[in-house]
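S.K.: Sharing a structure here in structure tokens format.
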Amino acid sequence: MSEAAPSAASRATRERVFTTPPSVDNGKLRSLCYFNDLTLIPSRGEHGRQMADGSPVTESIGRRIARLRRERSLSQRELATTGVSFTYVSRIEAGQRQPSVKAIRALAVKLGVSPEYLETGRDLAPTGDRELRVTDAELQVRLDGSADAEGKLREVLDEAHAAGDLPIARRARIALALSLARDGRQEEVIEMLEEHLERDRPAVAERPDLYALLGRAYAAAGENPRSIALFSRCLEEIRGSKDPDPILFVRFASYLSYALVDAGDAAAAQRVLADALERADGVSDRYTLIRLYWSLGRFYAVEGPPGRALDYVRRAIALLEATEDTFHLARAHQLCAVILLDQESGGTARKHLERAEQLLGDEASPGELGALATERARLELQLDQPDAARDYALEALSLLEGGAPVDVGHAWRTLAEVFERLGDFDLAERSYRTAAEILTEQGASRFLAETYRAWGKFLRVQEREDEALDVFERAADLAVFTVAARGVDVADRPAQLDR
């Protein structure tokens with residue numbers, strides 16, 4: 001079975017600068033290695049020995065593995081482990097194969113040495129060890145979001161603080177924030193990133209990922225006004241720079257448009273997107289166009305017409321199909337399904353939901369699965385399968401527990417509509433009320449207005465006219481924020497972005 005080559009990040013971590021000084025003639029220490037931070041480290045075994053002319057003996061990784069294996073009285077079969085067959089071990093030792101990062105880690109555990117020593121023949125100084133560990137944890141978080149990455153990062157962060165190793169502490173804190181965000185622990189993310197950005201104050205162009213993560217954390221925690229304020233400041237900084245980067249501008253214009261749409265300020269969202277469209281003229285970067293199409297699709301999904309929304313989302317899907325970004329491709333199919341379900345086109349929406357589920361696969365988080373389950377409930381309700389819809393809605397609430405308030409509120413509203421269809425009016429009203437309470441705390445004007453309208457219709461059917469009017473008035477009070485300005489139609493200029 002072929003093994004993957006080490007990643008660029010792993011190779012970069014392992015590229016250390018060592019020099020071998022003259023041997024120390026004390027009868028105990030044969031040689032010393034100097035790490036690039038000038039820390040003196042004793043070497044092990046044959047690696048580091050010198051010939052009579054002072055030149056170092058070179059030991060290949062295969063010879064090192066063979067030596068360590070023999071020192072431990074292990075056969076090649078006994079050294080073999082999951083993903084590393086004895087045949088593979090034999091070929092490595094013979095110099096016929098270069099082991100992958102995964103194989104090095106597995107063999108290092110069996111041989112009782114560090115992966116760094118197994119690969120280079122040298123042990124790391126504390127600084128280098130922390131750098132290797134934080135890099136491994138960063139890769140875990142970014143590639144698979146492994147649950148054990150948090151513990152590793154906290155350990156490195158504590159050690160780095162104690163040692164005054166500020167660069168590693170910064171990296172560990174940022175990776176930890178990303179790990180916490182994946183787990184939906186937004187308050188911790190906010191606290192960690194606010195502290196970091198307040199202390200270091202990097203320019204948006206230097207660390208756009210941190211500002212984006214903090215803004216999304218604000219929105220997910222129900223602090224949409226803070227999200228809007230942050231993204232507005234970022235956009236102003238980019239706009240006011242000496243040579244504004246159109247790609248970076250479109251990125252933060254997209255983030256700001258999401259927050260404004262969720263807050264119900266369609267007019268402001270429209271102005272931001274119009275500006276982004278103008279600045280994107282001539283940009284051919286694939287992901288910049290995807291962001292722009294996605295933002296426009298999301299805008300028109302709320303403001304209409306739905307056909308225009310679907311057109312932009314399908315453009316984003318077409319570009320995503322040419323990448324390996326299955327996560328965002330899944331999200332795009334999910335957005336298509338949402339738009340179609342809003343138009344009560346359940347039959348067409350089904351294939352997009354199924355495609356989204358297929359693309360997310362086993363890597364989906366509970367929050368992502370919960371959002372899909374909510375749309376599944378809406379689909380089953382449109383297909384006149386209320387029992388199945390109830391099961392999906394309850395599953396969604398279970399998966400979304402502790403998650404983004406907007407998603408939780410949407411699931412409760414869907415469950416309310418299911419109970420209404422099933423004739424359980426008491427549970428329906430309780431569910432509408434719960435959805436409204438959650439969305440009120442979130443400050444999501446648009447979603448709250450939609451919930452009030454659905455609740456008001458329910459009360460009117462129950463011939464509770466006074467209560468229905470009260471709920472409709474609440475929706476009307478919120479609707480004033482969702483009226484879009486008609487002076488600029490952002491869809492009048494799509495042709496310049498067709499590539």
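S.K.: For segment 416-472, how many residues meet the condition of being of a type outside the set (S, T, N, Q), in contact with a helix residue (DSSP H, G or I) (Cβ under 8 Å, 6 or more places away or on another chain) and outside any helix (DSSP H, G or I)?
M.R.: Of the residues in that region, 2 qualify.
S.K.: Determine the pairs where a residue that is modelled with pLDDT under 90, located within segment 249-269, has a partner that is surrounded by fewer than 24 Cβ atoms within 10 Å (Cβ to Cβ) and acidic (Asp, Glu) with Cβ atoms under 6 Å apart, the partner being 6 or more residues away or on another chain.
M.R.: What qualifies is ALA266/GLU303.
S.K.: Quick check on segment 193-201. Is at least one of its residues farther than 22 Å from ILE65 by Cβ, at pLDDT below 85, crowded, with 17+ Cβ neighbours inside 10 Å and not basic (Lys, Arg)?
M.R.: Checking segment 193-201: at least one residue is farther than 22 Å from ILE65 by Cβ, at pLDDT below 85, crowded, with 17+ Cβ neighbours inside 10 Å and not basic (Lys, Arg).
S.K.: Name the single residue, out of those in segment 292-320 being closer than 19 Å to LEU260 by Cβ and β-branched (Val, Ile, Thr), that is modelled with the highest pLDDT.
M.R.: VAL313
S.K.: Which condition does SER284 not pass, out of (1) part of a helix (DSSP H, G or I); (2) under 29 Å from ILE238 (Cα atoms), if it passes all the others?
M.R.: Tallying (1) part of a helix (DSSP H, G or I); (2) under 29 Å from ILE238 (Cα atoms), SER284 fails exactly one: (1).
S.K.: Which one of these is more than 20 Å from ALA269 (Cα to Cα) and modelled with pLDDT of 80 or more: GLU463, GLU450?
M.R.: GLU463
S.K.: Looking at segment 303-334, which of the residues that are farther than 21 Å from ARG182 by Cα and of a type in the set (D, E, K, R) is surrounded by the most Cβ atoms within 10 Å (Cβ to Cβ)?
M.R.: For segment 303-334, the residue satisfying everything is ARG315.
S.K.: Continuing with the same structure: Here's a check for you: in segment 366-391, which residue that is among the hydrophobic types (A, V, I, L, M, F, W, C) and out of contact with any Ser or Thr (no Cβ under 9 Å at 6 or more places or on another chain) is nearest to PHE425 (Cα to Cα)?
M.R.: ALA388
S.K.: Determine, yes or no, whether GLU188 is at pLDDT 85 or above, assigned to a helix (DSSP H, G or I) and surrounded by fewer than 18 Cβ atoms within 10 Å (Cβ to Cβ).
M.R.: yes
S.K.: Right, something else. For segment 369-384, name all the residues that are without any contact (Cβ under 8 Å) to a residue 24 or more places away in the chain and surrounded by 17 or more Cβ atoms within 10 Å (Cβ to Cβ).
M.R.: ARG376, GLU380 - these are the residues of segment 369-384 that are without any contact (Cβ under 8 Å) to a residue 24 or more places away in the chain and surrounded by 17 or more Cβ atoms within 10 Å (Cβ to Cβ).
S.K.: Restricting attention to segment 150-166, and to residues there that are small (Gly, Ala, Ser) and loosely packed, with under 15 Cβ neighbours inside 10 Å, which single residue is nearest to VAL134 (Cα to Cα)?
M.R.: My answer is GLY151.
S.K.: Also, I was wondering about something else. Would you call GLY409 touching a residue at least 40 places away in the same chain (Cβ under 8 Å) and surrounded by fewer than 22 Cβ atoms within 10 Å (Cβ to Cβ)?
M.R.: no
S.K.: In the list ARG308, ARG390, ARG314, ARG331, which residue meets the criterion of being of a type in the set (Lys, Arg) and under 19 Å from the mean Cα position of the chain (by Cα)?
M.R.: From the options ARG308, ARG390, ARG314, ARG331, the qualifying one is ARG331.
S.K.: Scan ASP262, ASP209 and give me the residue that is part of a helix (DSSP H, G or I), crowded, with 19+ Cβ neighbours inside 10 Å and of a type outside the set (Gly, Ala, Ser).
M.R.: ASP262
S.K.: Separate question: (1) among the aliphatic types (A, V, I, L, M); (2) closer than 26 Å to LEU210 by Cβ; (3) without any contact (Cβ under 8 Å) to a residue 60 or more places away in the chain: which one isn't true of LEU292, the others all being true?
M.R.: In the conditions (1) among the aliphatic types (A, V, I, L, M); (2) closer than 26 Å to LEU210 by Cβ; (3) without any contact (Cβ under 8 Å) to a residue 60 or more places away in the chain, LEU292 misses (3) alone.
S.K.: Please verify whether segment 163-176 includes one or more residues that are assigned to a loop (DSSP other than H, G, I, E, B), under 30 Å from ALA263 (Cα atoms) and among the small types (Gly, Ala, Ser).
M.R.: no
The values are calculated or read from the model by the stated rules, or taken from the named source; none is laboratory data. Fair warning: this is a prediction, and the values are worked out from it, not measured in the lab. Ideal geometry is used to build each Cβ from the backbone, glycine not excepted, and the neighbour counts take in all protein chains shown.
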